[in-house]
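The values are calculated or read from the model by the stated rules, or taken from the named source; none is laboratory data. What you see is a predicted model; the values in this text were computed from it and never measured. With ideal geometry, Cβ positions are generated from the backbone for all residues, glycine too; neighbour counts draw on all protein chains shown. What goes into the accessible areas is simple: the full protein's heavy atoms, side chains included, and nothing from ligands, DNA or RNA. Shrake-Rupley method; radii C 1.70, N 1.55, O 1.52, S 1.80 Å.
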Amino acid sequence: CPAFYGHRSIRGRRFVVLEDLTHGMREPCIVDIKLGTTTVAPEAAWSKRITHLAKDRETTTRSLGVRLIGAMHTGAGADGGPRLKLGKPWGKAIRPGGLTAALRSVFSNEGRLCRRALRHYV
């Protein structure tokens, strides 16, 4: 688990400060995965609960209990940026039948599945 360094306010917004677990890695693969069948706290405002519950039903959250939010492979891509960068719109578009393909795209390197990396997660 990353170390917790407290909170920081930047331009009026409050942020949690955590240890960077990728520090020192040459080409880390970062994956944001949500686990559970709902993404909203029971005490949240009713309007927020409605929007989150709808999102949970539309994505893999409700049906599979897991949702890929985004991913990034940081090795140098052709344009000098990340080799792979998949954001929230990509994650929201994944449906139950497409989760396997999405996982394969995240845990692959140059078309080959990185089984050694997957062992840490499954």
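See the values below:
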{"read-out": "Region 1-105: GluC sites (Glu not before Pro) falling in loop per DSSP and having at most 16 other Cβ within 10 Å", "value": "GLU19, GLU43"}
{"read-out": "Accessible solvent surface per residue of the chain, calculated while the other protein chains remain in place, 1.4 angstrom probe, Å²", "value": "76"}
{"read-out": "Percent accessible area from carbon and sulfur atoms, the chain, protein chains only, probe 1.4 Å", "value": "54"}
{"read-out": "P(r) histogram, all alpha-carbon pairs of the chain included - 10 Å bins from 0, percent", "value": "11, 32, 36, 19, 2"}
{"read-out": "Two-site FRET efficiency, VAL40 against ARG83, from Cβ-Cβ distance with R₀ of 22 Å, rounded to 0.05", "value": "0.10"}
{"read-out": "Cα gyration tensor shape for region 1-73, rounded if a/c is under 1.5, else prolate or oblate", "value": "oblate"}
{"read-out": "Estimated [θ] at 222 nm from DSSP helical runs (n ≥ 4, -39500 (n - 2.57)) normalised by residues in the chain, nearest 500", "value": "-7500 deg cm²/dmol"}
{"read-out": "Set of lysines near LYS55 by C-alpha distance (under 21 Å), chain-local residues within fewer than 8 positions excluded", "value": "LYS34, LYS88, LYS92"}
{"read-out": "Rounded to whole Hz, the Karplus (6.51, -1.76, 1.60) HN-Hα couplings of region 30-44, x for glycine and proline", "value": "10, 10, 9, 10, 9, 10, x, 9, 8, 10, 10, 6, x, 8, 5"}
{"read-out": "Value of relative contact order over the chain, rounded to a whole percent, pairs C-alpha under 8 Å and six or more apart", "value": "18"}
